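Comments concern the structure below.
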Amino acid sequence: MSRADASGWRRWLPGLGVLLRYDRSWLRGDLLAGITVAAYLIPQVMAYAEIIGLPPQVGLWAVVAPVILYAVLGTSRQLSVGPESTTALLTAAAILALGGTDPSRRAGLAALVAVAVGVVCLIGAVARLGFLASLLSRPVLVGYLAGIGLLMVISQYGNLTGLAIGGANPWSQTASLLGQLGAVHVPTVILGLSVAVVLFVLRRWAPSWPGPLLVMLASAALVGLTPVGSLGLAVVGTLPQTPPGWALPDVTSVGVLPLIQAALGVSVVAYSDVILTGRAFAARREERIDANAELLALGAANLANGFLGGIPVSSSASRTVIGDSAGSRTQLHSLVAAATVVLAIFFLSPVLAAFPQAALAGLVVYAGLRLVDLAELRRIAAFRLSELVLALVTMAAVLVVGLLNGIAIAVALSLLDLIRRIAHPHDGVLGYVPGLAGMHDIDDYPDAAQVPGLVVYRYDSPLFFANADDFLTRALAGVDRAPAPPQWFLLNAEANVEIDLTALDALEQLRATLTERGIVFAMARVKMELRDQLNVGGFLDRVGADRIFPTLPTAVAAFTAWCEAGSSGPPGRAATPAEPQ
């Protein structure tokens with residue numbers, strides 16, 4: 001095989017390339033990490049299947065195909081792929097939106113959503129839409145995850161109390177719980193809350209221990225070997241050992257638009273999770289993540305899982321942390337984890353069947369409360385109050401309008417926040433500062449001085465429709481505030497990397513207004529892309545080639561020469577520094 005051929009297949013199968021170049025010194029770390037991750041994963045994925053309303057074994061089998069495919073197609077060596085709390089809750093919401101109130105249809109609808117998510121991700125990979133992972137800003141993502149965490153807790157009201165909870169939204173479900181408080185099954189409540197508390201304690205004081213597995217084993221032993229078992233605590237029950245078969249999900253009984261909305265919603269959140277977690281761990285090891293390859297791997301994992309009767313999958317930050325801490329070096333650790341899960345299904349099924357439902361609910365509550373990141377909310381509040389408002393509004397939107405509509409609101413809020421920042425960016429009038437080379441914002445230095453007769457203006461954003469009027473207004477305000485009558489207006493275009501037609505019209509209006517007032521319009525530091533756009537619009541011809549300068553010093557020198565050639569120049573003209581930049 002030629003070097004070009006090898007490079008080609010490694011581009012499409014990056015994970016396989018790593019495994020084929022495997023260093024035997026990595027094996028011990030990968031084996032230990034794989035077994036450790038499996039210890040966390042087994043009770044987690046059983047609980048996440050419960051969130052969707054499916055038998056626990058569905059969550060266990062949903063680990064296998066995604067792990068194998070991601071190990072071949074993915075670019076992260078540490079990422080743990082499989083069922084995940086956020087994706088599980090989104091899938092549950094999607095099933096309800098698709099009319100999945102009948103328990104017999106839930107498995108088929110979950111598989112259908114997984115296939116749809118896979119198709120969306122594969123289309124995104126082919127179209128190279130990996131950049132869409134940036135659609136959710138950090139504050140919006142924190143608020144969205146906090147809302148999901150609270151919904152996860154609410155979803156376990158019934159399993160935590162032994163009650164039949166009614167209602168189609170968080171508010172009616174909470175009202176249903178409050179109306180039946182006198183009928184709660186106390187042993188169920190005690191066990192579920194105890195599991196959540198113990199998990200938080202273990203996370204704080206023994207983070208390297210496989211807390212979920214230890215707590216679930218202890219709960220199973222408590223119910224099976226002590227008189228507690230006679231208190232009416234529900235358990236998981238028999239787990240079939242037969243792996244799921246290959247089947248095409250039924251698409252005839254669902255609406256196309258709800259399915260597309262569900263697939264888009266799950267895809268955006270799942271992919272954002274994959275990229276954020278993958279990049280964080282890659283940066284620690286000076287590795288790189290290919291955003292489009294990750295989209296392809298996520299799509300293939302979900303597509304295969306759907307055809308195998310599984311559920312949508314994403315990455316788990318907590319399991320990734322655990323694997324990394326245990327010494328994972330490559331995706332072999334995930335393959336070891338998947339193999340351990342399969343062995344557990346066939347040889348430890350009686351133990352898994354004895355897991356109490358209340359303990360699984362406690363595990364879900366623990367995972368949900370961890371998504372409410374109070375420390376991060378405090379950090380956001382300390383940085384900028386407006387970003388905290390974004391986070392809280394997003395969290396409220398998830399609780400009020402639901403998960404799928406909440407995603408649309410979260411993305412819209414991120415984009416509106418971006419437009420708000422670009423629509424009113426920083427600007428400045430530049431001048432000279434004694435002892436400093438170059439020109440600087442006069443608002444930043446009390447002793448800064450403008451060149452009399454020259455207004456040097458900088459607008460720190462690309463120019464487009466949302467900030468065109470703002471640019472025009474603030475540029476003219478800079479002229480009006482000049483200490484001496486302006487003769488030249490020099491636009492420092494270093495930050496104006498591009499322009500649209502609306503902003504081009506505003507720029508022409510600025511030039512025409514200044515010309516009517518007898519002020520020369522000039523530009524400096526015009527990048528090639530912006531120059532090409534201004535040429536297409538004919539703007540540069542109206543300005544004149546002799547008024548476009550490569551640097552600020554050449555522009556200031558031209559202004560000085562113009563003043564000297566015209567007469568005595570503006571009164572009290574400041575001398576330019578010897579080496580301006």
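Only the coordinates and a few stated rules stand behind these numbers; no lab work does. Small disclaimer: the values here were computed from a predicted structure and weren't measured. Cβ: placed from backbone, ideal geometry, glycine included. Neighbour counts: every protein chain shown.
Here the label points at residue 209 and residue 176, each 7 Å from Cα along the C-beta direction, are separated by 3.6 nm in the simple model. Please report the spacing between the Cα centers of the range 416-432 and the range 259-318 in Å, no decimals. Result: 35 Å between the Cα centres.
The relative contact order of the range 426-566 comes to 20 percent, based on Cα pairs under 8 Å that sit 6 or more residues apart. Between 0 and 90 degrees, the angle of helix 103-126 with respect to the longest Cα principal axis of the chain falls at about 30 degrees. Each of residue 536 and residue 494 was given a label point 7 Å from its Cα along the Cα-to-Cβ line. The distance between the two points is 2.7 nm. Bridges between two residues of the chain, per DSSP, are antiparallel at a rate of about 45%.
For the chain, a crude dipole built from +1 on the beta carbon of Lys and Arg and -1 on the beta carbon of Asp and Glu, taken about the Cα centre, is about 1540 debye to the nearest 20.
Each helix, a run of at least 4 DSSP H residues, gives -39500 (n - 2.57); summed and divided by the residues of the chain, these come to -20000 deg cm²/dmol at 222 nm.
Ordering 25, 414, 85, 315 by the number of other Cβ atoms within 10 Å of each residue's own Cβ, fewest first, gives 25, 414, 85, 315. Annotation: average projected area of the chain is 34.5 square nanometres, based on the convex hull of Cα atoms across all directions. Using the Cβ of residue 196 as centre and a radius below 14 Å, the other residues enclosed give a net charge of +3, where K and R count +1 and D and E count -1.
Converting phi to 3J(HN,Hα) with the Karplus coefficients 6.51, -1.76 and 1.60 and the offset θ = phi - 60°, the range 183-194 yields 10, 5, 8, 4, x, 5, 4, 4, 5, x, 5, 5 Hz in sequence order, with x at every glycine or proline. Extension gain, residue 424 to residue 138: 0.36 nm times the residue separation minus the Cα-Cα distance gives 100.9 nm. Between 0 and 90 degrees, the angle of helix 374-383 with respect to the longest Cα principal axis of the chain falls at about 10 degrees. Using a Debye calculation, one point per C-alpha and no hydration shell, please list log10 I(q)/I(0) for the range 426-566 at q = 0.09, 0.17, 0.21 Å⁻¹ in order. The computed values of log10 I(q)/I(0) come out as -0.24, -0.92, -1.44. Each of 562, 205 was scored by other Cβ atoms within 10 Å of its Cβ. Arranged with the fewest first, they read 205, 562.
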